[in-house]
1. Can you find a residue that is in contact (Cβ under 8 Å) with a residue 24 or more places away in the chain, within 11 Å of chain A (Cβ to nearest Cβ), over 20 Å from residue B:165 (Cα atoms) and buried (at least 21 other Cβ atoms within 10 Å of the Cβ) anywhere in region B:17-29?
2. Check off (1) in contact with a strand residue (DSSP E or B) (Cβ under 8 Å, 6 or more places away or on another chain); (2) away from chain B (no Cβ under 14 Å); (3) crowded, with 18+ Cβ neighbours inside 10 Å for residue A:118 and give me the number that stays unchecked.
3. Go through region B:183-202 and count every residue that is at pLDDT 80 or above and not in a helix (DSSP H, G or I).
4. Check off (1) more than 12 Å from chain A (Cβ to nearest Cβ); (2) under 19 Å from residue B:218 (Cα atoms); (3) buried (at least 24 other Cβ atoms within 10 Å of the Cβ) for residue B:88 and give me the number that stays unchecked.
5. Go through region A:90-108 and count every residue that is among the hydrophobic types (A, V, I, L, M, F, W, C), buried (at least 22 other Cβ atoms within 10 Å of the Cβ) and at the interface with chain B (Cβ under 10 Å from one of its Cβ atoms).
6. Residues being of a type in the set (D, E, K, R), more than 12 Å from chain B (Cβ to nearest Cβ) and in a loop (DSSP other than H, G, I, E, B): count how many of those fall in region A:64-84.
Amino acid sequence: MPECAPSLISVCGLSKTFGRRRVLEDIDFEVKKGEFLAIFGPNGAGKTTLIKILATLILSSSGTVCLDGIELKKDPLTARERIGLISHESLLYGDLTAHENLRFYGRMFGVSNLEERISHLLEKVELEHRKFDLVRTFSRGMQQRLSIARALLHEPSILLLDEPHSGLDPHATEILDGILEDLRKDDHTFIMATHNLEKGLNHATSVLILSQGRIVFGGRKDALDISDFRKTYDSYVGGHV
Amino acid sequence: MNYLRRILTIVGKDIAAEIRTKEMMNSMIVFVLLTLVIFNFAFGERLEGAAEASAGILWVAFLFAAVLGLNRVFVHEKDEGCLDGLMLCPVDRSVIYFGKALASLIFISVVELIALPIFAIFFIRTSFLVNLWLLILVLILSNVGIAAVGTLLSAISINTKARDLMLPILFFPVIVPILIAAVKSTGLIISSPSLPGDVFVWLRMLAIYDIIFMLVGFLTFEYVLEE
């Protein structure tokens with residue numbers, strides 16, 4: 001088997017242990033360019049750990065992860081240029097303005113035409129009028145929208161989403177979903193970890209169910225019987241949907 | 001060049017945030033000034049001619065103030081997962097280490113420059129202005145070591161439950177060589193109107209210590225952040 005499979009994202013034999021606790025065990029999956037993989041599972045299933053490994057924030061204990069032909073452990077810096085992470089935390093500095101936050105991250109990523117890119121993204125997330133306001137004065141929904149701008153600043157081809165709808169009101173959720181749909185048209189590839197079945201199925205082209213660190217179900221959404229899938233999900237998570 | 005530019009980007013971000021909040025600098029300045037005033041009341045005239053004791057007071061005040069600041073180095077990075085945001089950037093982890101250490105060095109140095117004249121008024125009776133450059137060199141070398149060690153240990157302690165307590169427990173034993181060299185060299189400088197030759201032994205020790213701990217930080221920071 002080649003080190004990196006031809007898919008945009010390939011995960012092979014991935015395991016992670018913290019001390020004696022095994023959080024992920026023998027995870028295998030592939031995601032092709034333009035696909036949207038939704039990873040479902042209850043709290044503690046290992047979803048966030050998996051997203052953090054894919055984002056190069058933590059190292060796996062064993063197994064390989066390849067993003068666009070780059071093996072994460074061998075060349076994490078190049079991989080990071082292709083990854084955007086939107087999590088339930090904004091990753092933004094409350095004591096800096098929206099513009100200062102984006103400028104900071106833009107410089108760290110070495111983004112060219114930074115000011116243009118910032119203006120474009122602030123317009124896209126409808127925060128142009130608040131660009132000189134401190135982020136700590138923003139509502140949760142506004143922070144999440146700015147977080148999307150931050151994640152897209154360096155034009156990543158892969159977007160990792162970790163419970164992105166967490167804590168959002170319906171209006172902010174609607175805006176986030178609209179932006180995600182727009183990005184899908186631009187051929188971005190997504191992996192979203194969520195325990196929100198409705199949201200995940202709404203966007204997904206493929207699904208996985210993670211339970212106690214193992215993949216217990218996986219498949220393409222168009223081949224799924226949704227009601228059967230719900231039952232399967234309920235059986236693994238005890239109906240906590 | 002990109003490496004240095006990104007270090008300076010982190011420094012600029014930290015300075016901008018500090019200018020806005022002033023929470024780190026204010027607490028450090030108030031603490032160091034209060035400590036000097038209290039020591040002045042406690043010892044007063046009895047410290048005349050005891051340059052090394054005066055230098056000890058100065059460095060105890062500086063070190064405790066530095067710990068106050070170093071405890072806050074990664075606090076803002078933990079808020080809203082900003083440390084993850086930094087770690088997502090396509091830069092070597094050592095860029096984060098040197099950026100945070102350089103920002104800490106600047107904050108500590110500013111506090112010391114404010115406190116130094118107060119210390120001179122309270123505790124120094126001889127003219128040390130001829131050796132002021134030497135004193136500034138001691139401050140710089142000591143602060144580099146304090147920032148290098150403090151930033152590394154602050155990153156370790158930030159993920160512990162009792163992080164406010166953890167940093168001093170880890171920091172003070174490691175920083176003892178700097179404290180000794182700083183006190184000895186400062187004592188020699190403020191007690192002698194001429195150039196004290198012995199001071200260069202202590203300066204060399206400070207420089208070696210700085211290099212060792214910057215190397216340790218450079219080599220280990222990746223593991224500190226990821227585990």
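1. Checking region B:17-29: at least one residue is in contact (Cβ under 8 Å) with a residue 24 or more places away in the chain, within 11 Å of chain A (Cβ to nearest Cβ), over 20 Å from residue B:165 (Cα atoms) and buried (at least 21 other Cβ atoms within 10 Å of the Cβ).
2. Single failed check for residue A:118: (1).
3. 1
4. (1)
5. Adding up the residues that qualify gives 4.
6. 2
Here is a yes/no grid of residues against (1) more than 18 Å from residue A:203 (Cβ to Cβ); (2) in a strand (DSSP E or B); (3) under 14 Å from the mean Cα position of the chain (by Cα); (4) of a type in the set (Gly, Ala, Ser):
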position	(1), (2), (3), (4)
A:86	no, yes, yes, no
A:100	yes, no, no, no
A:121	yes, no, no, no
A:175	no, no, no, no
A:178	no, no, no, yes
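Yes/no matrix, rows are residues, columns are (1) under 14 Å from the mean Cα position of the chain (by Cα); (2) among the aliphatic types (A, V, I, L, M); (3) closer than 21 Å to residue A:52 by Cβ; (4) in a loop (DSSP other than H, G, I, E, B):
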residue	(1), (2), (3), (4)
A:187	no, no, no, yes
A:190	yes, no, yes, no
A:193	yes, yes, yes, no
A:198	no, no, no, no
A:201	no, yes, no, no
A:210	no, yes, yes, no
A:216	no, yes, yes, no
A:222	no, no, no, no
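The values are calculated or read from the model by the stated rules, or taken from the named source; none is laboratory data. Source: prediction; values computed, not measured. Note that each Cβ is placed from the backbone with ideal geometry, even for glycine, and that neighbours are counted across all protein chains shown.
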